[in-house]
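Each value in this text was obtained by applying a stated rule to the coordinates, not by laboratory testing. Since we're looking at a predicted model, the values are computed, not measured. All Cβ positions, glycine included, derive from the backbone under ideal geometry; neighbour counts span all protein chains shown.
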Amino acid sequence: MPTNALYRDDFYLATCEAVVTAVHDDGGIELDQTCFYATSGGQPGDTGFLERADGAKIALGQTRHGQTKDIIVHVPLDGEVLPAVGEKLVLHVDWARRYRLMRMHTACHLLSVVCSYPITGAAVGEEESRVDFDMSETIDKDQVTAELMKLVEQNHPITLQWITDDELIANPGIVKSKNVRPPIGLGRVSLVCIGENSAVDSQPCGGTHVSETQEVGAIHIAKIEKKGKENRRFRIRFGAPAEPA
């Protein structure tokens, strides 16, 4: 049964009620709806816990997609007692972790604005993220950091706009990623729009993001690595750059 992914419309939804629709042999739990983000597009899935009617908690170690993108599976930690099909639960996302990932994912979008090259890979982390670009140019990391922080401090609004799968297919140029395509097959695709009327950026993405750039906070480019003749890896970290020794 398809899962109603509530997070697609509300990135700040940290708790909701749901009914168990299936329990896999390996312990994976399917629900009729969820606020848990499933691993996709370089962003890790949510962790947290499911609360039963008696207050008992089922700790989750990961959230992933099932056989298709419209199915979301909640995977408990080893040894957790599994619920029954039809049981009503209250879902609780580990909000501190999710919010850091939202800030980091948004920072990756800002980096793609500062470095307008095709993206060849990316991974969002709680402390550090990486974005790989198809580029051969030499670029100063401190200059990139300064441009990133300018966008953060300008506090641009971040909104979602929905387009159909067909509209995305008809406009492939809006996709910045060279190797990974946005998820289609659900009927609609979200465009993450930064700035009034998307003045700063607009790109399809199924991840979670903050509502304004100021929420990203202090970030910096810790390192730029050469990963080939025409590939550069940028590592983004929270906080201000370390002072020279």
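Numbers for the structure displayed
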{"item": "Lys, Arg +1 and Asp, Glu -1 on Cβ, resulting dipole of segment 93-133 about Cα centre, debye, nearest 20", "result": "140 debye"}
{"item": "Listed residues Thr106, Thr164, Ala22: farthest to the positive end of the dipole of the chain (Cβ charges)", "result": "Thr106"}
{"item": "13 Å reach of a label modelled at Thr15, 7 Å along Cα-to-Cβ, counting backbone N of segment 80-120", "result": "90-95"}
{"item": "Karplus-derived HN-Hα couplings along segment 227-236 (A = 6.51, B = -1.76, C = 1.60, θ = phi - 60°), whole Hz, x at Gly and Pro", "result": "10, x, 4, 10, 8, 10, 9, 9, 10, 9"}
{"item": "Inverse mean reciprocal Cα-Cα distance (Kirkwood Rh) of the chain, Å", "result": "19.1 Å"}
{"item": "Segment 1-130 - Debye-derived log10 I(q)/I(0), Cα point model, q = 0.14, 0.18, 0.19, 0.20 Å⁻¹", "result": "-0.62, -0.94, -1.02, -1.11"}
{"item": "Charge tally in the Cβ shell below 13 Å around Arg237, where Lys, Arg are +1 and Asp, Glu are -1, Arg237 excluded", "result": "+3"}
{"item": "For the chain, built as a Gaussian network whose Cα springs stay under 10 Å, the top-fluctuating residue of Asp165, Asp70, Asp78", "result": "Asp78"}
{"item": "Spatial extent of segment 13-80: Rg and Dmax, with the Cα atoms as the point set, Å", "result": "11.4, 36"}
{"item": "Highest-MSF residue in the chain out of Pro204, Pro118, Pro44 [GNM, Cα springs under 10 Å]", "result": "Pro118"}
{"item": "FRET efficiency, Gln143 to Glu215 (Cβ-Cβ, R0 25 Å, nearest 0.05)", "result": "0.60"}
{"item": "Selection from Ala242, Val189, Pro204, by position along the positive dipole direction of the chain (Cβ)", "result": "Ala242"}
